[in-house]
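These notes concern the structure reproduced below.
We did not get these values from a lab; they are worked out from the coordinates using the rules stated. The structure displayed is predicted, hence computed values, not measured ones. Every residue, glycine as well, gets a Cβ built from its backbone with ideal geometry; the counts of neighbours run over all protein chains shown.
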Amino acid sequence: MDAQKEILKLRRELERHNKLYYVLDAPEISDYEYDMLMNRLKQLEAEHPELVTPDSPTQRVGGEALSQFEQVRHQVPLESLTDVFSYDELFSFGERMDSLIPGKHDYTVEPKIDGLSMSLEYEDGVFVRGATRGDGLIGENVTENLRTVRSLPLHIENAPKRLIVRGEVYMSKAVFEELNRQRELNGEQLLANPRNAAAGSMRQLDPKVAASRKLDIICFNMQYDSDTVYQNHAQTLDAMRDMGFPVVAYSRYDNIHDCVERIEWLGEHRDELPYDMDGAVIKINSLQQRTDLGSTAKAPRWAVAFKYPPEKKESRVVDILVQVGRTGVLTPKVIVEPIRLAGTTVSAATLHNQDNIDRLDLRIGDTVLLQKAGEIIPEVLSVNMKKRPADAAPYRLPAFCPECGSPVVRDEDGAALRCTSPECPAQRLRNLTHFASKEAMDIDGLGSSVCESLINRELVSSAADLYYLQEDSLVGQGRMGKRSAQKLLAAIEESKHAGLARLLCAFGIRQVGQKAAKVLASCFEDLDSLMEASAEELTAIPDIGAVTADYIMEWFQNPQSQHQIRLLREAGLDFTSHEEKLDNRFAGLTFVLTGALSTYTRDEASAIIESYGGKTSSSVSRKTNYVLAGENAGSKLTKAEALGIPIISEADFSAMIQ
């Protein structure tokens with residue numbers, strides 16, 4: 001078989017399996033077999049780049065990060081819906097339809113997915129453009145990011161000449177929970193809800209980042225079809241499903257009162273759905289009747305969204321427990337007598353921090369009003385003071401970590417209390433994962449799942465234990481075979497020589513990330529000389545302020561930190577600095593990088609600036625000294641020009657560092 005025929009066959013086969021997996025929920029092959037087909041297609045396309053087309057399954061992750069999104073004017077406006085909050089309002093909508101539509105009419109009822117609305121354009125069956133809803137008339141072109149959504153077909157068979165479909169990009173509850181788990185491990189701020197997570201992911205300038213978020217899409221409306229005329233909405237949904245789109249489930253009813261049955265069913269079962277839903281959508285089914293009814297300035301007259309009222313219930317506080325998270329933050333959790341709330345049994349709710357406890361004036365024994373924030377996370381709304389026991393006492397979080405007994409400190413920039421111990425058992429997974437991360441010791445193959453497995457099997461309890469692992473104890477960790485174990489051990493051994501800057505970053509000292517670690521390593525020959533430095537010596541270093549200096553000194557004075565350093569020294573780690581000592585020609589200067597650089601990557605250019613004592617910033621302000629502009633520089637360049645800030649090219653930058 002020649003290459004072109006094999007490529008076409010593989011593409012058809014992969015799209016078929018995508019439809020079976022994402023649309024019909026009836027996969028025929030394993031993930032491994034699917035990956036083998038994909039790898040073969042990638043190999044053939046690499047050998048024959050002239051045969052690569054935009055609709056190939058290999059093109060789901062674009063290679064170029066975008067500087068900005070272009071605007072798109074929608075051929076068919078993406079309208080919003082009028083909300084109704086009671087059955088009386090719903091029945092009033094039905095009465096209006098009865099008065100405006102002569103003769104018989106029926107309705108469809110669908111779940112209202114809480115995601116990001118999209119317009120999807122196809123020409124001759126090939127996905128050519130996707131855009132956000134925006135203001136309904138003009139949205140943003142996010143085509144490359146949409147290509148990364150595996151459930152979206154890039155090519156459809158027997159398609160009309162031109163087709164526009166409307167869908168909702170969402171992040172499943174399972175993916176959202178895992179993403180937040182990983183962010184917690186990395187010490188990043190947790191995402192508020194799946195809807196915001198999906199919106200933020202879809203607006204990433206780098207499609208590879210969007211791809212890593214594992215988004216999904218459900219289609220719910222055929223906006224335009226150049227070839228076929230359908231009679232009703234249900235027919236268009238069935239047709240889209242046949243084409244390979246994941247389509248919203250719908251039910252049909254002859255009158256508005258019968259719709260209540262489905263609305264209530266969706267409300268009762270929404271916790272079982274893989275996605276968040278924030279209501280039910282009721283639509284006139286006939287497309288001609290929709291056209292006759294038209295739209296107001298904001299919304300179609302032929303549809304409404306029924307919004308479920310948040311369910312609230314009272315329960316009695318049995319206890320307040322304090323958990324220590326993987327970042328060391330102490331989080332209070334209220335334990336209540338179990339109640340049924342929004343479809344699940346609730347026996348606990350987060351209290352966030354001491355400030356929130358004080359605001360509520362919550363005490364053990366109180367009766368509290370609860371609801372699910374965003375229909376997911378139980379939260380305390382208020383305390384019923386009339387039911388407070390006479391002996392209820394105010395509650396204060398402990399001054400010492402309940403896991404390890406170390407003192408806790410309050411963040412200077414927030415309300416969180418944090419354990420100060422680098423060896424706290426509750427932080428073990430997070431600390432180990434950070435130690436091995438690319439920004440720190442860069443131990444390839446030692447991700448969070450492997451770290452978790454090592455901890456669970458009691459093979460490691462601290463970073464130093466990594467350097468005593470044996471091949472026979474690693475084989476069988478997850479899917480790790482002998483070769484993988486050998487590669488991991490080699491990476492661990494290599495990390496012994498990573499140098500002082502990486503080691504300082506790996507320690508996880510507050511406010512000492514990559515930049516500060518490099519600055520410190522360029523000023524001290526080894527770890528011992530840094531440990532002996534005074535506060536005055538530290539604050540004399542660029543980018544090291546008084547607060548950061550205090551954190552550094554406190555960390556090194558902590559007995560558990562000293563124990564960790566001793567264990568790493570015994571394991572044979574190199575504590576000397578590998579940073580090249582350069583001059584401070586950029587001392588006191590701030591650079592902003594924008595556009596695509598050809599001579600350097602942004603990380604390389606930033607590292608050069610920092611090595612000469614300068615700083616980089618992500619935003620342009622009057623404090624910016626230079627803007628280094630590459631190709632396709634966007635709004636940052638425009639702002640720099642308006643502020644009169646010097647703009648330099650890569651050639652100018654190269655001359656400055658000679």
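Straight Cα distances below 20 angstrom link LYS438 to the lysines LYS208, LYS487, LYS496, LYS515, LYS518, with same-chain residues fewer than 8 positions distant left out. Phi angles of region 394-400 translate, via the Karplus equation with coefficients 6.51, -1.76, 1.60 and θ = phi - 60°, into HN-Hα couplings of x, 10, 10, 5, x, 7, 10 Hz per residue; Gly and Pro are given as x. Shape call for region 590-656 from the C-alpha gyration tensor, a ≥ b ≥ c root eigenvalues: rounded (a/c under 1.5), prolate (a/b greater than b/c) or oblate? The shape class here is oblate.
Using C-alpha pairs below 8 Å separated by at least 6 residues, the relative contact order for the chain is 9 percent. Here's how it looks for ASN285: its modeled amide H is under 5 Å from those of ASP106, TYR107, THR108, which are all 5 or more places away or on a different chain.
Against the chain, whose longest principal axis comes from its Cα atoms, helix 3-18 is set at around 80 degrees.
Taking every DSSP bridge with both residues inside region 590-656, close to 10 percent are antiparallel.
Taking every pair of Cα atoms in region 433-573, average 1/r, invert it to obtain the Kirkwood radius, and report Rg/Rh to two decimals.
Dividing the radius of gyration by the Kirkwood radius yields 1.02.
Projected onto planes of every orientation and averaged, the convex hull of the alpha-carbon atoms in region 464-533 covers 5.9 nm².
Stokes-Einstein, applied to the Kirkwood radius of the chain over Cα pairs at a viscosity of 1.002 mPa s and 20 °C, places its translational diffusion at 74 µm² s⁻¹. I'd like the distance separating the alpha-carbon centroids of region 547-626 and region 454-476, in whole Å. Between the Cα centre of region 547-626 and that of region 454-476, the gap is 30 Å.
Compared with the dominant principal axis of the Cα atoms in the chain, helix 31-47 is inclined by about 80°. Grouping the Cα pair distances of region 312-387 into 5 Å bins from zero gives a pair-distance distribution of 3, 17, 29, 26, 17, 7, 1, 0 percent in increasing distance order. Computed on region 73-306, the Cα convex hull volume stands at 124 Å³ per residue. Largest first, the extents of the alpha carbon coordinates of region 559-600 on the three principal axes equal 45, 24, 20 Å. Candidate cross-link partners of LYS112 among the lysines, defined by an alpha-carbon separation under 22 Å and a same-chain spacing of 8 or more, comprise LYS173, LYS214, LYS283, LYS298, LYS307, LYS312, LYS372.
For the chain, the longest principal axis of the Cα atoms and the long axis of helix 482-495 meet at an angle of about 50 degrees. Using DSSP to define loop residues, name the trypsin sites (Lys or Arg not before Pro) in region 424-472 whose beta-carbon has at most 12 other beta-carbon atoms within 10 Å. Passing both the DSSP loop test and the Cβ count: LYS438, ARG457. Checking every one of the GluC sites (Glu not before Pro) in region 523-561 against DSSP loop status and a limit of 12 other Cβ atoms within 10 Å picks out GLU532.
Is it possible to state the helix-based mean residue ellipticity at 222 nm for the chain, with each DSSP H run of 4+ residues giving -39500 (n - 2.57), the sum divided by total residues, to the nearest 500 deg cm²/dmol? What is it?
-10000 deg cm²/dmol
FRET efficiency for the ILE657 to SER453 pair, using the beta carbon distance and R₀ = 51 Å, is estimated at 0.70.
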